[in-house]
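*Asks:* One structure is given below, represented as structure tokens, and several questions about it will come after.
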Ligand SMILES: C[S@@+](CC[C@H](N)C(=O)[O-])C[C@H]1O[C@@H](n2cnc3c(N)ncnc32)[C@H](O)[C@@H]1O
């Protein structure tokens, strides 16, 4: 089931539906705030790039909470502020000049942007983000009347206020102080001592360029799930599943590495995981069915395997089916 407030968005999704033969996809023109009118509940809801455009984002997220099944999960994506600083400067600039959304005004804006100083905070976005691919996209990014962004603390508050509990980041390595350059800076021990929400907030400030946050949320009254735990938990019974967008690089390796694992979704070049020959064999043995204990049955090697599989989790290389470990559906 897909809903959107805009008839033209629904039409373009109808085209994609036909193109890809998605016969079981129902599409409906409906604002997210009125999701209850569907008269249905869902196991999984994906809401990306929408709530930050609503006049009342809380009303939208609460409406989705009301149609999520108790054991369900929601994938949320909203804008993040610091990487979008240049967008907000230019939005203000356009407001001051009274720039409207007619074709000549958008064309003049696109031409003006070509003259923007090379060190302007908009520059990285202008070059890298799909948001600026064409004139319509420029208009959407710079002339959208309703656009707000959430810092990590604001997002966590938003989630909590709307009846959700934070599950995990989609792309968690960029928020973790044990990943990438932050693992070896002098502040690492200070960061490591903070509770996770404070770590995420600090790492967002350190990285300074996040343009969006994507997270998995659960209803806040759902029975607490056992966290992924490699300290004392039943991690040997976890079934690792490799994520799409992961890449095993075997060229131009650092000394001692048999491969470097990266996730193509990440924009940060420091987020890569070098693995040695033994670790690479464990990675290659992941098939989505075997538990970690089955991948490495020699108990004298399992402590070393633990380090690798925890690293794979942090670095967005795998998720785990924990149903065998916890005796629950995953
Ligand atoms: C940037 S697009 C994101 C599309 C898609 N979810 C994605 O991630 O690629 C934003 C979409 O949100 C839709 N939208 C805006 N306000 C909405 C509302 N109140 N209810 C439902 N959809 C809305 C717009 O029509 C547009 O299609």
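Each reported figure results from applying straightforward, stated rules to the coordinates on display, with no laboratory input. Fair warning: this is a prediction, and the values are worked out from it, not measured in the lab. Glycine also receives a Cβ, built like all others from the backbone with ideal geometry; neighbour counts cover every protein chain displayed.
*Asks:* How big is region 82-142 in terms of Cα radius of gyration and Dmax, in angstroms?
*Replies:* Calculated on Cα positions, Rg and Dmax stand at 10.7, 30 Å.
*Asks:* Would you mind checking the radius of gyration and Dmax of region 1-153 based on alpha-carbon positions, in Å?
*Replies:* Cα radius of gyration and Dmax of region 1-153 are 17.9, 52 Å respectively.
*Asks:* Which angle between 0 and 90 degrees, to the nearest 10, do you get for helix 152-161 versus the longest principal axis of the chain when only C-alpha atoms count?
*Replies:* It is inclined by approximately 90 degrees.
*Asks:* Let me ask something else about it. Cut-off 10 angstrom, C-alpha nodes, Gaussian network model of the chain. Which of 72, 39, 288 fluctuates the most?
*Replies:* So, out of 72, 39, 288, the one fluctuating most is 39.
*Asks:* Sort 92-98, 45-51, 314-320, 176-182 for me by packing, meaning the mean count of neighbouring Cβ atoms within 10 Å per residue, highest on top.
*Replies:* 314-320, 176-182, 45-51, 92-98
*Asks:* Can you give the calculated 222 nm mean residue ellipticity of the chain, where each DSSP H run of n ≥ 4 adds -39,500 (n - 2.57) and the sum is split over every residue, rounded to the nearest 500 deg cm²/dmol?
*Replies:* -10000 deg cm²/dmol
*Asks:* Taking neighbour counts of Cβ atoms within 10 Å as a proxy for exposure, in what order, fewest first, do 77, 1, 210 appear?
*Replies:* Going from sparsest to densest Cβ surroundings: 1, 77, 210.
*Asks:* For region 209-325, how big is Rg over Rh, using alpha carbon atoms and the Kirkwood form of Rh?
*Replies:* Taking Rg over the Kirkwood Rh, I get 0.99.
*Asks:* Between helix 85-97 and the chain, what is the angle of the helix's C-alpha long axis to the longest principal axis, kept within 0 to 90° and rounded to the nearest 10?
*Replies:* 10
*Asks:* Between region 197-273 and region 87-103, what is the C-alpha centre distance in whole Å?
*Replies:* 37
*Asks:* Next up: Angle between the Cα long axis of helix 7-20 and the longest principal axis of the chain, 0 to 90 degrees, nearest 10?
*Replies:* Computed tilt is about 40 degrees.
*Asks:* Relative contact order for the chain using alpha-carbon pairs under 8 Å, separation at least 6, rounded to a whole percent?
*Replies:* Relative contact order for the chain comes out at 16 percent.
*Asks:* For region 235-326, what relative contact order do you get, as a whole percent, if you take Cα pairs closer than 8 Å and at least 6 residues apart?
*Replies:* 44
*Asks:* A further question follows. Using only Cα atoms, what is the ratio of the radius of gyration of the chain to 2.2 N^0.38 Å?
*Replies:* Relative to the 2.2 N^0.38 Å estimate, the chain comes out at 1.11.
*Asks:* Testing the spin-label approximation: label points 7 Å from Cα along Cα→Cβ at residue 281 and residue 269. State their distance in nm.
*Replies:* A separation of 3.4 nm, rounded to one decimal place.
*Asks:* Cut-off 10 angstrom, C-alpha nodes, Gaussian network model of the chain. Which of 199, 172, 302 fluctuates the most?
*Replies:* 302
*Asks:* Please arrange 78, 249 by how many other C-beta atoms lie within 10 Å of their C-beta, fewest to most.
*Replies:* Ordered from fewest to most neighbouring Cβ atoms within 10 Å, 78, 249 come out as 249, 78.
*Asks:* On the principal axes of its Cα set, how long, how wide and how thick is region 276-330? Give whole Å, largest value first.
*Replies:* So the three principal-axis extents are 34, 25, 18 Å.
*Asks:* Highest mean first, how do 226-232, 103-109, 236-242 rank when packing is the count of other Cβ atoms within 10 Å averaged over residues?
*Replies:* Per-residue Cβ counts within 10 Å, averaged per peptide and sorted highest first, yield 236-242, 103-109, 226-232.
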